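Undergrad: Can you keep this structure in mind? I'll have questions shortly.
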C-alpha cells in the first residue's frame, strides 16, 4: 500500500476506504460491493487490500458462499453504516434546496442561529437506491416485532435480522444470537423457525460474535461448570462426521495424557450411519469410561482422570438439534458451536475443524469466550487428530496471544491392513502392543504432542520437546509398567 495513504492529512483517501468497507459489510461480496459503489471488482479488491493494511486485520474470512467479517470488522459495522448513510444524504440535494434553485436568498435566513448540535449519525435518514427501504424503516419494523413478550415473535425478529436480503440484513450480535438460541433450547420455538434460523445463519456464514452467543446459550442450557469449579485440564471435542470411516486414534492419545495425570473430558457424537457407536465401542475397548450424565463424567474424571461424554448424555435437546443433519444434508451452526462448548470449563481446549475458513472463526470465538488456551487443528475430520503425513496448520491462542503454526509433512510409513481381525480388534491391538503399526503410532504420538503443547501454553519451539515426551508416554503405557500417577501428579513439559 502507498505509504502516503497513511498520512494524517489525506482524509479523503481514508474516507474512501471506510465507504468501501461499509459496502463490503453490507453485501458480503467483493463483486456486489463493487456494483454498489459503481466500480470494478479488481478495484474493490485493491481497496480491500488497503483496508487490511491500514487496520492490520484480515477484515474478512472467505467461506464457500460469502465473506465472513472478523470480530474487528463486525465491531465497526454500525458506525460505518451511519457514516455511509450520512455521506449519501449529503451527496444529494434536498427537496427544499431544489425548490430554492434560482430564487433570491432571504436575508432573514442569515440571522438564524447556527446549528449547535446535529442529530447522531445513526439516527439520521439515509438516501438509498430508488425503491429500496431505508435501514431505519426496517429497524422500526423489527422493533415492533420485538415489543411483544411472545418468544416466537422475538425469535422472528432475529430471523428477520438475518434473512431480510442482501443490503437489508446483518449478522446477529452475540446477545441476539444467545437470545435466539436460548429460545430454541428452552423448547419455545416453532419447528419452522428452528430450521429457518439455522439455515439462514449457515448460508450467510456464522460470525465469531454469533458463534459466541450460541455457545453462551448452550452453556447456560447445560448449566456448565464455571471456571475453577472443577479441575479439568483439557476439553477434547469429538464430533465425527457421519461420512468418516477412520479409526479414532486420538482416543489413544487422550488416554496417554490421562495416564500421565492430566484430566481429560472427551465429548462428542459418533455421527450415525456406519460410524454409529464407534467412539463408545473404541473408548470401552481401551478402558476409557463412558458417562451417562455430566455429573457422572465429573466424578469419573476426578477418580480416573478421563471420561467420554456423548452429547445425548449432556442434553437431549442439543442431540436432537445436532441430528438435523439427516434432514438438512448439510452442517448447521449447531455443528460449529459444539467444539467450543467446553461443558466442564477446562483450562485448555483442543479441537479439530474441517473447513479452513472456520478455523480462524473458532479461534476468534474462543477469544471472545475468554478461553485461555486453545488449539484449532486443521485436517480431514471433526476432531483433533494429527495428520503428520500431510502438512498441517495449527491456530493457537495462549496467554492472550495468537499464533499460527505450520507443521510440514513427514514420510509416511507403510500401512498394513488388518488380517483376520476386525477394525476394532486391530485398533485395540495397537494399544495393547499385540499389533505393531508404525503409521498408527506416529499419528498417536503426534496428536499427544500437540495436546501437551496446548496444555503447557508453551511456544511453538517446544513442540519437538512435547513429541519426545509423548513418545516416552507411549513406551510406558504397557500393563507391566507402574500404574499411572494420581491425577494431581502431572507429567511436566520442561
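The values are calculated or read from the model by the stated rules, or taken from the named source; none is laboratory data. Small disclaimer: the values here were computed from a predicted structure and weren't measured. Here the Cβ is made from the backbone with ideal geometry for all residues, glycine too, and neighbour counts use every protein chain on show.
Undergrad: What number of residues within the stretch 51-66 are free of Cβ contacts under 8 Å to residues at least 60 places away in the same chain and either in the same structural domain as residue 364 (by TED's automatic domain parsing) or crowded, with 18+ Cβ neighbours inside 10 Å (or both)?
TA: Selection size over the stretch 51-66: 3.
Undergrad: Same structure again: With the structure loaded, tell me whether residue 326 is part of a helix (DSSP H, G or I) and surrounded by fewer than 23 Cβ atoms within 10 Å (Cβ to Cβ) or whether it fails that test.
TA: Against the criterion (part of a helix (DSSP H, G or I) and surrounded by fewer than 23 Cβ atoms within 10 Å (Cβ to Cβ)), residue 326 qualifies.
Undergrad: From 386, 458, 415, 448, grab the single residue that is part of a helix (DSSP H, G or I) and either under 30 Å from residue 356 (Cβ atoms) or under 22 Å from the mean Cα position of the chain (by Cα) (or both).
TA: None of the other options fit; the residue is 448.
Undergrad: Here is a further query. Name the one entry in 424, 443 that is part of a helix (DSSP H, G or I) and modelled with pLDDT under 90.
TA: The unique qualifying residue is 424.
So that you can scan it fast, the table gives a plain yes or no per residue for (1) touching a residue at least 12 places away in the same chain (Cβ under 8 Å); (2) buried (at least 18 other Cβ atoms within 10 Å of the Cβ):
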position	(1), (2)
38	no, no
43	no, no
47	yes, yes
68	yes, yes
71	yes, no
81	yes, yes
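Undergrad: Output yes when any residue across the stretch 329-341 is over 30 Å from residue 432 (Cβ atoms), assigned by TED's automatic domain parsing to the domain that holds residue 253, surrounded by fewer than 17 Cβ atoms within 10 Å (Cβ to Cβ) and over 19 Å from the mean Cα position of the chain (by Cα), and no when none is.
TA: The answer is no, given that none of the residues of the stretch 329-341 is over 30 Å from residue 432 (Cβ atoms), assigned by TED's automatic domain parsing to the domain that holds residue 253, surrounded by fewer than 17 Cβ atoms within 10 Å (Cβ to Cβ) and over 19 Å from the mean Cα position of the chain (by Cα).
Undergrad: Return yes when residue 73 is closer than 27 Å to residue 370 by Cα, in a helix (DSSP H, G or I) and modelled with pLDDT of 80 or more and no when it is not.
TA: So residue 73 passes the test.
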